[in-house]
1. How far, in nm, would the chain grow between L40 and N162 when pulled straight, counting 0.36 nm per residue and subtracting the alpha carbon separation?
2. What net charge do the residues around F6 carry, taking every other residue with its C-beta under 14 Å from that of F6, with Lys and Arg at +1 and Asp and Glu at -1?
3. Could you tell me the relative contact order of the chain? Use alpha-carbon pairs under 8 Å, at least six residues apart, and round to a whole percent.
4. Per residue, how big is the convex hull around the C-alpha atoms of region 117-225? Give it to me in cubic angstrom, could you?
5. For the chain, report the accessible area per residue in Å² (1.4 Å probe, heavy atoms, rounded to an integer).
6. To test your reading of the geometry: what angle, between 0 and 90 degrees and rounded to tens, separates the Cα axis of helix 182-193 from the longest principal axis of the chain?
7. For region 120-179, take the convex hull of the Cα atoms, compute a quarter of its surface area, and give me that in nm², please.
8. Need one number: convex hull volume per residue for region 1-74, Cα atoms only, in Å³.
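The values are calculated or read from the model by the stated rules, or taken from the named source; none is laboratory data. The structure displayed is predicted, hence computed values, not measured ones. Reconstructed Cβ throughout: ideal geometry from the backbone, glycine too, with neighbour counts over all protein chains shown. With ligands, DNA and RNA removed, areas are computed over all heavy atoms of the protein, side chains included. Shrake-Rupley method; radii C 1.70, N 1.55, O 1.52, S 1.80 Å.
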Amino acid sequence: MDWSKFPSDVAQIAGVVPLALARALLILLLSLVFGTLFALLNEARIPVIRQILAVYASCFRGVPILVQLLFWYYFLPNAVGGALGALGISWDAKSLSADAVVIFAFVLCYSAYLMQTVGAALASVDPQQRLLARTLGYSRLQQYVHVIFPEALVYALPNIFNMFLNILKALSMGFVIAVIDIFAKAKIIAGTYGDYMVVYTADALVYWLLCGVLYFIINHAFTSMNEKNGSAAVDA
């Protein structure tokens, strides 16, 4: 093992961290939007739709993300091409990038998880808060915007942050369809000179430091938020 290359390996692997963070954040935001929509539909208890959402959540939470990723990688280009072909639009299946497939697959998967997270957060909002909002004459939309969502967000934020870390780490599986992320970059570097122990130690260090920094930032934000809420409660 040649540990002299370790600093260089760390620097090269760290170079793809901004792209990995941007991809993970985009997936989280899209998943949060769809997860919230699905949670609201589920909360409305609409017949048939509620059963469909239950099957969807069971399927996407029960099948490993790697299997889902490979399924969509081979199925999605042909499905899109077939649909467009039926409309008389010519389309090359190869034009669908691996990045787009990863984002699509991960959003479908993590929307199922966030549907449960947001649903639990909505359920934990004090019914008295909802009653008070109705008493004040708030419309249903105003109730959600001004009362329910802010209250639910306090409960959901820790789980949402954990989901972000899970997405960031799970994106390492994108290497199977040639998407370059933190792990894939390490694999490429290791393949150039074969010193896998050194490269994967550098890869582990980058993941560890990255998650540690993110945890510190978010934990500090949560602490500040709780202190402000506590101060507001005292002032009130």
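1. Taking 0.36 nm per residue and subtracting the Cα distance, the gain is 41.7 nm.
2. Net charge around F6: -3.
3. Reported relative contact order: 33 percent.
4. It comes to 119 Å³ per residue, whole-number rounded.
5. Result: 57 Å² per residue.
6. 10
7. 5.4
8. 140
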